[in-house]
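Student: The structure under discussion is supplied below as C-alpha cells; questions concerning it will follow.
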Amino acid sequence: MTASRVGLRVRAVSHAFADLHVLDDVSFDVPAGEVTVLVGPSGCGKSTLLGIAGGLLRPDSGRVEIEGQAAADCLNPLTYVFQDFALLPWRSVAGNISLVLEGKGIAKATRAARIAEVLETTNLSAFSHAWPKQLSGGMRQRVGIARALAVRPAVLLMDEPLSALDAQTRDLLLDEFAGLIAARGMTVVYVTHNLAEAVRLGHNVVVLSRRPGRVRDIVRIDAPLDARKLDDPALLATEARLWSLIRADAAEADREVLHA
Amino acid sequence: MREVVLRAKGFAPRDIPFAGAATLVGVLLGWQTLASLGWISTKFLPAPLSIIQALLTLGRSGELWLHLAASLPRLAWGWAAGTVAGLVVGLLLGLFTLARAPGMAIVSALFPIPKIALVPLFIIWFGIGEGSKVITLAFGVFFPTVINTLAGVDGVPRGLIRMGQSFSLSRAAILAKIVLPGALPAILAGFRITTSTAIILLVAAEMIGAEKGIGAFVLSAGNLYDTDNLMAGIVVLSLIGLTVSWVLGRLEAWLLAWR
C-alpha cells in the first residue's frame, strides 16, 4: 500500500449538545505519517472531536481541513476503527470486510484479493468464514482493523479501539498496532483514556481539559514506534507528565459525573 | 466444619426430549378413553377417533379440498398484501422523520380497532366476494407488521449505521445491507403474530359472509349440531396454523443462522 501523505488541520472547533458545551476553540495539527493521540478526562469531548474530524458530526463552529493527496487506490480517506468494533453480526469476517468494498467499482477478484491480503496482515486468514459472535474481543477488533485497512485509508481514526478488551489482549494488540502503523507510515488520530497507550503510540499527544474540552498542552514524543517499550523510563516519565496535566481535571470530571 | 450449601438452584427450566409429544398423545388417549367410557358426552365433545373419521370422510368426498381451496388463497393474498404494505409503511416510519409522527398518529388511532368489527363495513364497501375478505385479513395484518418493522428498524444499533456512513456507503446500501438485515429478527417475530391474526380473521370473515371456506364450514356444522365435522374443521385450522408456524421456523433458521 502507498504510504499516506495526508494530514489534518483542526481549527477553532467548538461544539455543544443542546446546553452541554463539549468543545471550546480546539485547534491542533495532525501531521501526515504520524500518530496524534487525544487524551483527556471523561466527557472532555475526545470522541466528539474524532467524529468531527471524520465528518460524522458538524461542529457548531470551526473547521477541519485535509492536507495532502490520498493514494489513488484509497477508497475512503477518513476511516474509523470503532471502540465496539461495529461488526455486522449477520456477516462473516470476510463478509464484514467485503461490505466496505462493495459498490465501489472494484472487480470481484480484486475485492477477494484485497480481503485475503488484509486478513493475512491481521492474522485472520483462518477465520474468514467465522461469524463475529464466534470471535474473542481481540479478534473482533482485528476484523475492525482489517476492514479499515481494506479501503486503503489516508487517515485512520481510532476511537478507543482497545478499551473494550482485557489488559493482556490490549497489550498484544497495542504492539500489533505499533508495528502496523510504523511499517506503513500511517496517519492516525487515536483517542484513548489510557496514558500508557498514548505514550506507546503517539508522536503528538494532545491533552484536552475537562468539559468543555480545550487544548491544555501538546506533548511531543520523538522515539520511533517500533523501538518503544512500555517500561522505557523515558516513556514512563512522559506518561507521568501527561497524568500530571490531566489529574486535577480528571478528579473534577469524576465529581461532575457523580453529581449529574 | 460444614460443607458450603449450594444455593443457586432452580430458575433454569430445561426441555425434556419428547415430553411435549408424549403429553399430547397422553391427552388424546385420555380424551378417547373418557369418551369411550361415556364420561364425556360425545354429542358436545366428540372423541378423537370420531374427529379423525370425519376428517377422512371429508377428504374422500372432496368437500375438505373445496373449502381449503377457498380459504388458502384468501389467507395467502390477505397476509401477503397486509405484510407488503406493513413493511413499506413500517420502513418509511422507521427511516424518515417527516413520516414518523403523522404515520404513528394514524397507526396508533386505527390499531386498537377490533378488525372483526370491520368485516360488515368491508362487505358494504367491497361486496360479499373475495375482496372484502382479503381486505379484512390485510387490514388486520398491516398494523402489527408496521409496528414490528418500526421496532426492528429502531432496534438496529445506530453504531452500525454510523459505521456504514463512516465508510461512505450509499443510503441504499445502508438500507439493504445494514437496516433491513438488522430489522429482520423483529420482522420475522412479527410474522408469527400476523399469521395467527390472519387465520383468526379468515375464520371470522368466512363465518360472516362466505359459502365456502373452513370458517363457513365450521359455522355450518355448528348450526347443524354436527360436532364431529365442527371439530374436524377446527383441527384443519389448527393444522394450517402449525404448518405456517413450521414454515416460519424454517425461514428463521435459514435467514437468522448467524444468531
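The values are calculated or read from the model by the stated rules, or taken from the named source; none is laboratory data. Computed from a prediction, not measured in an experiment: that's the story for all the values here. We place every Cβ from the backbone using ideal geometry, glycine too, and count neighbours over all the protein chains shown. All accessible areas refer to the heavy atoms of the entire protein, side chains included, with ligands and DNA or RNA removed. Shrake-Rupley method; radii C 1.70, N 1.55, O 1.52, S 1.80 Å.
Student: Could you calculate the FRET efficiency of B:GLU63 with B:GLU130 from 1/(1 + (r/R0)^6), where r is the beta carbon distance between them and R0 is 25 Å, rounded to 0.05?
Tutor: Numbers: r = 20 Å, r/R0 = 0.80.
Approximately 0.80, to the nearest 0.05.
Student: Around A:ASP19, under 13 Å between beta carbons, what's the net of Lys plus Arg minus Asp minus Glu among the other residues? Mind dumping the intermediate values first?
Tutor: Working: positive: A:ARG211; negative: A:ASP60.
In short, 0.
Student: On to the next question. Mind listing, in residue-number order, the residues in the stretch A:37-77 that have at least 10 Å² less accessible area with every protein chain present than in their own chain alone (1.4 Å probe)?
Tutor: Going by heavy-atom accessible area, the residues of the stretch A:37-77 that drop by at least 10 Å² are A:LEU56, A:ASN76.
Student: Also, I was wondering about something else. Work from the charge dipole of chain A (Cβ charges, +1 for Lys and Arg, -1 for Asp and Glu, about the Cα centre) and give the residue of A:ALA116, A:VAL188, A:VAL39 farthest towards its positive end.
Tutor: Going by the charge dipole, the pick is A:ALA116.
Student: Can I ask one more? Quote the charge dipole size of the stretch B:110-259 about the Cα centre in Debye, to the nearest 20; the model charges only the Cβ of Lys and Arg (+1) and of Asp and Glu (-1). It would help to have the intermediate numbers written out before the result.
Tutor: On the way: 10 positive and 7 negative charges, 179 e Å.
Here the size comes out at about 860 debye.
Student: Over chain A, calculate the relative contact order: mean separation of alpha carbon pairs under 8 Å at least 6 apart, over the residue count, as a percent.
Tutor: Working: 507 pairs, mean separation 73.9, N = 260.
Answer for chain A is 28 percent.
Student: If I compute solvent accessible area with a 1.4 Å probe over the protein chains, what percent of it on the stretch B:1-105 is carbon and sulfur? Show your work: numbers first, answer last.
Tutor: Numbers: 5730 of 7830 Å².
Here carbon and sulfur together make up 73 percent of the probe-accessible area.
Student: Additional query: So with the 1.4 Å probe, I'd like the accessible area per residue for the stretch B:48-255, rounded to whole Å².
Tutor: Numbers: 10070 Å² over 208 residues.
For the stretch B:48-255, the per-residue accessible area is 48 Å².
Student: Only helical DSSP H runs with n ≥ 4 go in: add -39500 (n - 2.57) per run for chain B, normalise by residue count and round the 222 nm mean residue ellipticity to 500 deg cm²/dmol.
Tutor: Working: 11 runs with 195 residues, N = 259.
It comes out at -25500 deg cm²/dmol, rounded to the nearest 500.
Student: If the only charges are +1 at each Lys and Arg Cβ and -1 at each Asp and Glu Cβ, what is the size of the charge dipole of the protein assembly as shown around the Cα centre, to the nearest 20 debye? All intermediate terms of the calculation are to be shown ahead of the outcome.
Tutor: Details: 47 positive and 40 negative charges, 114 e Å.
Here the size comes out at about 540 debye.
Student: Please give the residues from the stretch B:172-186 for which the solvent-accessible area of heavy atoms, probe 1.4 Å, is smaller by at least 10 Å² with all protein chains in place than with the chain isolated.
Tutor: Residues shielded by partner chains are B:LYS177, B:ILE178, B:PRO181, B:GLY182.
Student: Moving on to the next point. In debye, nearest 20, what is the charge dipole magnitude of chain A about its Cα centre with +1 on Lys and Arg Cβ and -1 on Asp and Glu Cβ, if you could check? Provide the component values of the computation, followed by the final result.
Tutor: On the way: 29 positive and 30 negative charges, 141 e Å.
The calculated dipole for chain A is roughly 680 debye.
Student: What percentage of the solvent-accessible surface of the stretch A:88-151, computed with a 1.4 Å probe over protein heavy atoms, is contributed by carbon and sulfur atoms?
Tutor: Numbers: 1390 of 2510 Å².
It is 55 percent, rounded to a whole number.
Student: Now for a different question. Which one, B:PRO181, B:PRO17, B:PRO120, has the greatest fluctuation when you compute a Gaussian network model over chain B with C-alpha springs under 10 angstrom?
Tutor: B:PRO17
Student: According to the Kirkwood expression over distinct Cα-Cα pairs, how big is the hydrodynamic radius of the protein assembly as shown, in Å?
Tutor: Working: mean 1/r = 0.0356 Å⁻¹.
Roughly 28.1 Å, rounded to one decimal.
Student: So for the stretch B:48-255, what percent of the C-alpha to C-alpha distances run longer than 27 Å? Can you show the working numbers first?
Tutor: Details: 8876 of 21528 pairs.
Within the stretch B:48-255, distances greater than 27 Å cover 41 percent of Cα pairs.
Student: Now for a separate question. Put +1 on the Cβ of each Lys and Arg and -1 on the Cβ of each Asp and Glu in the protein assembly as shown; which of A:ALA16, A:ALA150, A:LEU57 then has its Cα farthest toward the positive end of the dipole?
Tutor: A:ALA150
Student: Shifting gears a bit: Choose one answer from A:LEU50, A:LEU201, A:LEU172: the residue with the largest mean-square fluctuation in a GNM of chain A with alpha-carbon springs under 10 Å.
Tutor: Of A:LEU50, A:LEU201, A:LEU172, the Gaussian network model singles out A:LEU172 as fluctuating most.
Student: Just round it to a whole percent: the fraction of Cα-Cα distances in chain A exceeding 34 Å.
Tutor: Details: 5615 of 33670 pairs.
In whole percent, the long-distance tail amounts to 17.
Student: Among B:ALA105, B:LEU49, B:THR194, whose Cα lies farthest out toward the positive end of the dipole of chain B, if unit charges sit on the beta carbon of Lys, Arg (+1) and Asp, Glu (-1)?
Tutor: In chain B, that residue is B:ALA105.
Student: Within the set of other residues whose C-beta is less than 13 Å from the C-beta of A:SER209, count the net charge using Lys and Arg as +1 and Asp and Glu as -1.
Tutor: Values: positive: A:LYS46, A:ARG210, A:ARG211, A:ARG214, A:ARG216, A:ARG247; negative: A:ASP24, A:ASP25, A:ASP217, A:ASP249, A:GLU252, A:GLU256.
Once all neighbours under 13 Å are counted, the net charge is 0.
Student: Here is a follow-up. Excluding ligands, DNA and RNA, what is the accessible area buried between chains B and A, summed over both sides, using a 1.4 Å probe, to the nearest 100 Å²? Could you put the intermediate results ahead of the total?
Tutor: Values: alone 15850 and 11950 Å², together 26160 Å².
The buried area between B and A, both sides summed, comes to about 1600 Å².
Student: Determine the share of the stretch B:142-199's accessible area contributed by carbon and sulfur atoms, expressed in whole percent, with a 1.4 angstrom probe.
Tutor: Details: 1390 of 2100 Å².
Of all accessible area on the stretch B:142-199, carbon and sulfur atoms account for 66 percent.
Student: Under a 10 Å cutoff between Cα atoms, tell me which one of A:ASP19, A:ASP175, A:ASP159 has the largest fluctuation in the Gaussian network model of chain A.
Tutor: Highest fluctuation among the options: A:ASP19.
Student: Could you please report the charge total around A:VAL93, scoring K, R as +1 and D, E as -1 over all other residues with beta-carbon less than 10 angstrom from its beta-carbon?
Tutor: +4
Student: Moving on to the next point. Taking 0.36 nm per intervening residue step and subtracting the Cα-Cα distance, what contour gain separates B:MET1 from B:TRP246 on full extension?
Tutor: On the way: separation 245, 0.36 × 245 = 88.20 nm, distance 5.56 nm.
Result: 82.6 nm gained on full extension.
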